[in-house]
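*Asks:* The structure follows.
The values are calculated or read from the model by the stated rules, or taken from the named source; none is laboratory data. As the structure is a computational prediction, the values presented were derived from the model and not from experiment. For neighbour counting, all protein chains shown are included, and Cβ atoms are generated from backbone atoms with ideal geometry for every residue, glycine included. Remember, those area values only see protein heavy atoms, side chains included, never the ligands or the DNA or RNA. Shrake-Rupley method; radii C 1.70, N 1.55, O 1.52, S 1.80 Å.
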Amino acid sequence: MSNFQPVSGEIAVSVQHLGLTYTTTIDKRPTLKARLRTMGRGTKHTRVVRALDDVNLDVPYGSVLGIVGANGAGKSTMMRVMSGILPPSQGRVEVYGKVSTLLALGVGFNPSLSGRENVLLGGLAAGMTRKEIADHFEEIADFAELGDAIEAPMRTYSSGMFSRLGFSVAVTVRPDILIIDEALSTGDAHFKEKSLNKIKELRGDARALIMVSHGLGTIREVCNEVAWLHKGKLIQRGEPNAVVDAYEKFLHVGKSAAINEDI
Amino acid sequence: MNKTAPVEVYEPFKAGLPPLTRYWRSLWTRRSFISEYSRSELHEKHFDTVFGQVWLIINPLLLSGVYFLLIVIIAGNSDKMRYAHLTACLFLFYFVNHSMSGGSKSVVKGGKLILNTAFPRIMLPMSAWLIALIRFLPTLVVFFVIRAFMGLPWGWNMLWGIPVVMITGAFALGLAILISCANVYFRDIGSFLPYFSRTWLYLSPILYEVKNLKPKLRTFELVNPLFSMMDAWSRAIVHNQMPHLESLLKGTAWALATLLVGTYFFLTRERDFAVRV
Ligand SMILES: Nc1ncnc2c1ncn2[C@@H]1O[C@H](COP(=O)(O)OP(=O)(O)OP(=O)(O)O)[C@@H](O)[C@H]1O
Ligand SMILES: [Mg+2]
């Protein structure tokens, strides 16, 4: 996987007729007891949520694709399918390269471990070797600017510190395809600017970036293409300003300062 | 030009097993995750500190002491062979038991990791099993110290303990995998487990020896996988005798069957876990 060089313009991710249905249990916790109690009464145990419906999307290398959409539109779901966490219910996703999802490296999955240990564990789970992680660790810690906190248990972290570490891990492992799902929203102004610069830098390397964000200002600034999802369907895709304008009009919020500010 | 690129294709999964060689390869490249994850779990429970390790030894010792007292009171005799048998079998039983209880929580506990990372989920119960194994090893040392104090004879036949531990280990791994998967669908399994394992303890030749059992009661042997394993273990490691070949074969059959069934269930369902935990 290391000898692979992304070429600008080549397809990085191809999403074809993608559909995804969540099947969740109605009970908060599925239990044996509950199952025995409702047995024979023919009660349905599941609720079906159609999170993605016939989505077609190509992401070429060298581009930054922004994804916008209301809460529950299926953005995070699509990112999970692209990174191989959820198998699609219909359709097909082809990925040409190494994917790194922001937070995919499991950062913060065990809050009683230190930031360092979480980075190590998450990296190993994502298929990196100990050496690769050790080689990158200094860089990750430097970029996150957490100081000594990197050795403290992650339950003592603020949400901004959490996302700082997550972002640093995701960008430092040099993935071919980087997926960022809203995790920049809690960073402070300094870190936001730093991460935006990093994103622009990565864009220059002919990588593919997919960015989910409610910060429409950022989307306009860094993306060169935007897709708008609504209730699992792809509504529009194209030039950032046009799509974001249409989306804003849809939201009836206009260009209020509140949206432009946040990432 | 891009034909050389590593292409990952995600498609709807058909019911059944994922491509096994691919699965195995991705498991193999991540093997150090299992040891690192176990290490961090042990660290969390403070088993890497001096007191934690002392506790790992004192706890089973106390347990075996309590059970021994119970036997002396109920049966009225105290024979050192019996104590050695009890200790050895109890320790092995707790290996299986810890593997089961740790395994039951493993997948559900890994929720956040499962939602955010693509990796073979079977590594989670495997780590739980490894933790149980790591906790088992010091108790083995304790047993040998006890054995030395009692002056029981040592001999080559004790080496039969190695295959017995391997068989029991495979069985425990199969159980951990099976239960971790079942627990995703039935979250209350963990609360039934203590009763189940207590019953299992009494129905296995741990507090008593197989040879003391009435022939009528030996029908348990047919349905209890631990029966032959415990018998073989006791013969090898306590009595320094060669276990019955029959026990070894039966144990192997149980272990392989559990491992295969558990892995099959797990692999056919694990792609479902991300939408369920
Ligand atoms: N684990 C799950 N189980 C069941 N339904 C889910 C699950 N995760 C998401 N959904 C449903 O799928 C739909 C899409 O969710 P998703 O998280 O992809 O939205 P989103 O676009 O990321 O929203 P947001 O902007 O709030 O992050 C929603 O209707 C949600 O209720
Ligand atoms: Mg989301």
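*Asks:* Using only the Cα atoms of the stretch B:20-275, what are the Rg and Dmax in Å?
*Replies:* Answer for the stretch B:20-275, Rg first and Dmax second: 18.9, 59 Å.
*Asks:* What aspartates and glutamates sit close enough to B:K105 to cross-link, taking a C-alpha to C-alpha distance under 14 Å and skipping anything fewer than 8 places away on the same chain?
*Replies:* B:E41, B:D188
*Asks:* Among B:K80/B:K216; B:K45/B:K109; A:K200/A:K249, which pairs are too far apart, with a Cα-Cα distance over 18 Å?
*Replies:* Working: B:K80/B:K216 27 Å; B:K45/B:K109 15 Å; A:K200/A:K249 28 Å.
The answer is B:K80/B:K216; A:K200/A:K249.
*Asks:* Need one value for A:123-131: mean number of C-beta atoms belonging to other chains within 10 Å of its residues' C-beta atoms. Intermediate values should be presented prior to the final figure.
*Replies:* Details: counts 3, 11, 14, 7, 8, 4, 3, 3, 0.
Average neighbour count from other chains, rounded to a whole number: 6.
*Asks:* Using Cα atoms only, what is the angle between the long axis of helix B:31-44 and the major principal axis of chain B, expressed in degrees (0 to 90) to the nearest 10?
*Replies:* Once rounded, one gets 60 degrees.
*Asks:* Would you list, by chain and number, the aspartates and glutamates whose Cα falls below 14 Å from the Cα of B:K250, excluding same-chain residues fewer than 8 positions away?
*Replies:* Within the straight-line limit of under 14 Å, B:K250 reaches these aspartates and glutamates: B:E221, B:D231.
*Asks:* Still on this model: Cut-off 10 angstrom, C-alpha nodes, Gaussian network model of chain B. Which of B:Y264, B:Y67, B:Y23 fluctuates the most?
*Replies:* Per the Cα network of chain B with a 10 Å cutoff, B:Y23 tops the list.
*Asks:* Which ³J(HN,Hα) values in Hz, rounded to whole numbers, follow from the phi angles of the stretch B:253-259 under the Karplus curve 6.51 cos²θ - 1.76 cosθ + 1.60, where θ = phi - 60° and Gly and Pro get x?
*Replies:* Here the 3J(HN,Hα) series is 4, 4, 4, 5, 4, 5, 5 Hz.
*Asks:* Any idea of A:K231's accessible area? Nearest 10 Å², probe 1.4 Å.
*Replies:* The value for A:K231 is about 150 Å².
*Asks:* Next question. Solvent-accessible area per residue for the stretch B:53-143 at a 1.4 Å probe radius, Å²? Display every interim value, and only then the final one.
*Replies:* Details: 3420 Å² over 91 residues.
Result: 38 Å² per residue.
*Asks:* What Rg and what Dmax come out for the stretch A:56-262 when only alpha-carbon atoms are used, in angstroms?
*Replies:* Final numbers for Rg and Dmax: 16.9, 51 Å.
*Asks:* Which of the peptides A:120-133, B:42-55 is most tightly packed, and how do the rest follow, judged by the mean count of other Cβ atoms within 10 Å per residue? Before the final figure, lay out each step's value.
*Replies:* Values: A:120-133: 20.6, B:42-55: 13.2.
Order by mean packing, descending: A:120-133, B:42-55.
*Asks:* Take peptide A:84-93, look around each residue's Cβ out to 10 angstrom, count Cβ atoms belonging to other protein chains, and average those counts.
*Replies:* If you average over the peptide's residues, the count of other-chain Cβ atoms is 6.
*Asks:* Test of understanding: express the Cα radius of gyration of the protein assembly as shown as a ratio to 2.2 N^0.38 Å, with N the residue count. Numbers along the way, then the final one.
*Replies:* Details: Rg = 27.5 Å, N = 540, 2.2 N^0.38 = 24.0 Å.
Scaled against compact globular proteins, the figure is 1.15.
*Asks:* Mind grabbing the interface size between B and A? I mean buried accessible area, both sides, 1.4 Å probe, in Å² to the nearest hundred.
*Replies:* On the way: alone 15470 and 13360 Å², together 24880 Å².
When B and A are taken together, about 3900 Å² of accessible area is lost.
*Asks:* Hey, another quick one. Calculate what fraction, in whole %, of the accessible area of the stretch B:70-140 sits on carbon and sulfur atoms when a 1.4 Å probe is rolled over the protein chains. Don't skip to the end; give the middle numbers.
*Replies:* On the way: 1540 of 2290 Å².
Percent of accessible area from carbon and sulfur atoms in the stretch B:70-140: 67.
*Asks:* Can you give me the distance in nm between label points at B:F265 and B:V50, each placed 7 Å from the Cα along the Cα-to-Cβ direction?
*Replies:* It works out to 4.4 nm between the two label points.
*Asks:* Counting only heavy atoms of the protein chains, get the accessible area per residue of the stretch B:154-277 (1.4 Å probe) and round it to a whole Å² value. Please report the intermediate quantities before stating the final value.
*Replies:* Details: 5870 Å² over 124 residues.
So the stretch B:154-277 comes to 47 Å² accessible per residue, rounded to a whole number.
*Asks:* Follow-up. Return the whole-Å distance between the Cα centroid of the stretch A:157-229 and the Cα centroid of the stretch B:159-224.
*Replies:* Between the Cα centres of the stretch A:157-229 and the stretch B:159-224 lies a distance of 51 Å.
*Asks:* Heavy atoms only, probe 1.4 Å: what % of the accessible area of the stretch A:56-262 goes to carbon and sulfur, would you let me know?
*Replies:* Numbers: 3920 of 7670 Å².
Its accessible area is 51 percent carbon and sulfur atoms.
*Asks:* Need one number: nm distance between label points at B:T21 and B:L69, each 7 Å from Cα along Cα→Cβ, rounded to one decimal.
*Replies:* 6.0
*Asks:* Only Cα pairs within less than 10 Å get springs; with that Gaussian network setup on chain B, which residue of B:S191, B:S247, B:S228 has the largest fluctuation?
*Replies:* Comparing B:S191, B:S247, B:S228 in the GNM, the peak value goes to B:S191.
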